[in-house]
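Worksheet: the structure to be examined is printed underneath.
The values are calculated or read from the model by the stated rules, or taken from the named source; none is laboratory data. Quantities reported herein were computed from a predicted structural model and do not represent experimental measurements. Here the Cβ positions follow ideal geometry from the backbone for every residue, glycine too, while neighbour counts run over all protein chains shown. Surface accessibility is based on the protein's heavy atoms, side chains included, excluding ligands, DNA and RNA. Shrake-Rupley method; radii C 1.70, N 1.55, O 1.52, S 1.80 Å.
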Amino acid sequence: MRFNIKEVLNLAERDFEKAWRDSKKYIKKEINKRYPRINIEYGKPHPVMEVIQRLREAYLRMGFEEVINPIIVDELEVYKQFGSEAMAVLDRCFYLAGLPRPDVGLSKEKIEIIKNLNIDIDDNKAERLRETLHKYKKGEVDGDDLIYEISKALNIDNELALKVLDKAFPEFKDLKPEASSLTLRSHMTSGWFITLSHLIKKRDLPIKLFSIDRCFRREQREDRSHLYSYHSASCVIADEDVSEDEGKAVAEALLKQFGFTKFKFKLDEKKSKYYTPETQTEVYAFHPKLNDWIEIATFGVYSPVSLSKYNIDVPVMNLGLGVERLTMVLYNYDDVRRMVYPQFYELILDDIEIARAIKIDKTPILDEFHDLTCEIIDKCISHKDDIAPTSITFEKTLKFNSEKRRIIIKIFENEEGKKLLGPSVLNEIYVYNGNIYGIPKNLEGIKEEYRDVLKDVKDHGVSTGIRYIDGVIYKLTSKIEEALVSNIDRFNFRVTIVRNLSDINLKVDDKVMKYLMRNEKIIDVRGPVFLNAEVIIH
Ligand code: ATP
């Protein structure tokens, strides 16, 4: 709220200590606008893209130059690189296919069909259409231009040209894709041989390159650790005396930048033919946070046999890692599908997001009632243990519809020996593991069997900062406001045992409520509140 500068300075001049102590009253916030119910939105990067960015920076820091390798690789390259093993590798590749371009002639029947569409087709137009079809067959007209070219040839609009294609040339609809010898690379190595064969004579040694980009695998199916497409973060060093030691050094330098501390190198049981024998090595790295050894990368020195086929006459060390697997480790995911494509799965709400969706349902609108609500809450808390018969009374005079109204609110308990308020008034709403709980302020009087659970919620859950008393008193003051509008001059208000959120005037956003129900979460906000009030309005 805005404060009166003069008033504040005067107070401070008279009694600085008091002015400072009382200054809290100027910092006010309506309960539904308090944290965690306010949220500052920010754009979120995708975890895989975030790790790619970190890997790029890490490689650049290590003096590697970034390149983009070919994604589409002819199967011939795989034969060159893998020799006798090529078939096994090609088996995991997607081959590219395309629709054939049929040789469609313009017979008399077809001309008849076109005429039946009310198109005036003379010899000239027929010749132009024939030419268009021929050009399409030869690849001079692209598939997506065909309709336009037909419309031009026949001097008709695009819509009618589409009808011509549909009715007169049904053979276009029956086309089946035909495979080519082109594949989508299944690992970065396919691209490295091609790139290096071009650079080896142009550059001084050593050549140090990296690329982080998509690869494709024709897996049997996608599962927790396999997708049809993943990112490989791969590098090469080409130099006369490169060996597997460069692999170890690069693995260490790269992975240290991601928090891994210790490394073990194990000869890979898989012996790919494009690596020199006994150089293909798996990298295991120790992550102190996860307290575990993780298989994270593979390196090897390309075989001189494969390199020679590409006119590369020096050894080349290659190291690569799967970006999605590294991201799963760093971000603690156990299913790559959910991590990469969260949009296809149920959103997982964390506790803070659920806490944010819990709000006070009914609140008064007028500012005076907000102040009054806070006053009643504070006084109720300080008198909650007064022994009955007992009561506290509030009086408020305000102008409503140009009339002066005096409101008297009495909070009471008449039953001898009881306290003014029940023991759960200070219970606070927490969210923990997606469940909503009302947790007592003090766990001392709680039964042993519940105490550990409640302590766990309190220690690790997210507090909404809302107590039962807040919800209850906001309901009371919003009812008073309603009574003023409806010209009601007295009413009684009573909350006894709380069983659900609406008993304490709380609501949960619909979407979040549905999420809680779908995921079998619980809402446990039981407890005795026992608050009686009588309101009289003059
Ligand atoms: P896996 O045994 O897990 O199927 P692989 O031995 O076939 O993997 P490599 O050919 O050594 O894997 O590929 C190198 C790295 O590429 C793997 O360790 C992994 O990080 C990643 N990778 C391979 N295939 C996939 C895939 N389908 N989805 C996600 N990442 C993959």
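Quick one: which of 470-480, 230-240, 371-381 comes out on top by average Cβ neighbours within 10 Å, and what's the full order, highest first?
Peptide ranking by packing, descending: 470-480, 230-240, 371-381.
Sorting check: for 111-118, 486-493, which peptide has the highest mean count of neighbouring beta carbons within 10 Å, and how do the rest follow?
The peptides rank, most packed first, as 111-118, 486-493.
Starting from the range 164-255, pick out the trypsin sites (Lys or Arg not before Pro) whose DSSP state is loop and whose Cβ has at most 15 other Cβ atoms within 10 Å.
Passing sites in the range 164-255 are Lys173, Lys201, Lys202, Arg203, Arg218, Arg221, Arg224.
What ranking do 517-528, 299-310 get when scored by the average of other Cβ atoms within 10 Å per residue, highest first?
Peptide ranking by packing, descending: 299-310, 517-528.
Counting only heavy atoms of the protein chains, get the accessible area per residue of the range 100-175 (1.4 Å probe) and round it to a whole Å² value.
It amounts to 63 Å² per residue over the range 100-175.
Given R₀ = 60 Å, what would the calculated FRET efficiency be for Phe265 paired with His134, taking r from the Cβ atoms and rounding to 0.05?
After rounding to 0.05, the efficiency reads 0.45.
Evaluate the charge dipole of the chain about its Cα centre and quote only its size in Debye, nearest 20, assuming +1 on the Cβ of each Lys and Arg and -1 on the Cβ of each Asp and Glu.
1500
Subtract the Cα-Cα distance of Ile488 and Ser382 from 0.36 nm times their separation in residues, and report this length gain in nm to one decimal.
The span from Ile488 to Ser382 would gain 35.2 nm if fully extended.
Helix-derived [θ] at 222 nm for the chain: sum -39500 (n - 2.57) over DSSP H runs of at least 4, divide by residue count, nearest 500?
The helix contribution divided over the chain gives -11000 deg cm²/dmol.
Between Ser84 and Asn32, take the C-beta separation as r, use R0 = 45 Å, and let me know the FRET efficiency to the nearest 0.05.
0.05
Using alpha-carbon pairs under 8 Å, 6+ residues apart, how would you state the relative contact order of the range 237-309 in percent?
Result for the range 237-309 is 29 percent.
Using a 1.4 Å probe over the heavy atoms of the protein chains, calculate the carbon and sulfur portion of the accessible area of the range 353-537 as a whole percent.
That fraction is 45 percent.
Points 7 angstrom from Cα along the Cβ direction at Arg338 and Glu416: gap in nanometres?
Result for the modelled spin labels: 6.1 nm.
Pairs Lys24/Lys455; Lys262/Lys289; Lys115/Lys135; Lys115/Lys138; Lys410/Lys475: which are spaced more than 19 Å apart, C-alpha to C-alpha?
Over 19 Å Cα-Cα: Lys24/Lys455; Lys115/Lys135; Lys115/Lys138.
Find how many whole Å separate the alpha carbon centroid of the range 153-167 from the alpha carbon centroid of the range 443-469.
73
List the residues, sorted by chain then number, that are 5 or more residues from Asp213 or on another chain and whose placed amide H is less than 5 Å from its amide H.
Under 5 Å from the amide H of Asp213 lie the amide H atoms of Ser232, Ser234, each far enough along the sequence or on another chain.
If you take the square roots of the eigenvalues of the alpha-carbon gyration tensor of the range 353-537 and sort them as a ≥ b ≥ c, do you get rounded (a/c under 1.5), prolate (a/b over b/c) or oblate?
It is oblate, given that a/c is not under 1.5 and a/b is not larger than b/c.
Expressed as a rounded percentage, what relative contact order does the chain have, with Cα pairs under 8 Å and six or more residues apart?
13
Report, to the nearest whole %, how much of the accessible area of the range 1-132 belongs to carbon and sulfur atoms, 1.4 Å probe, protein only.
55
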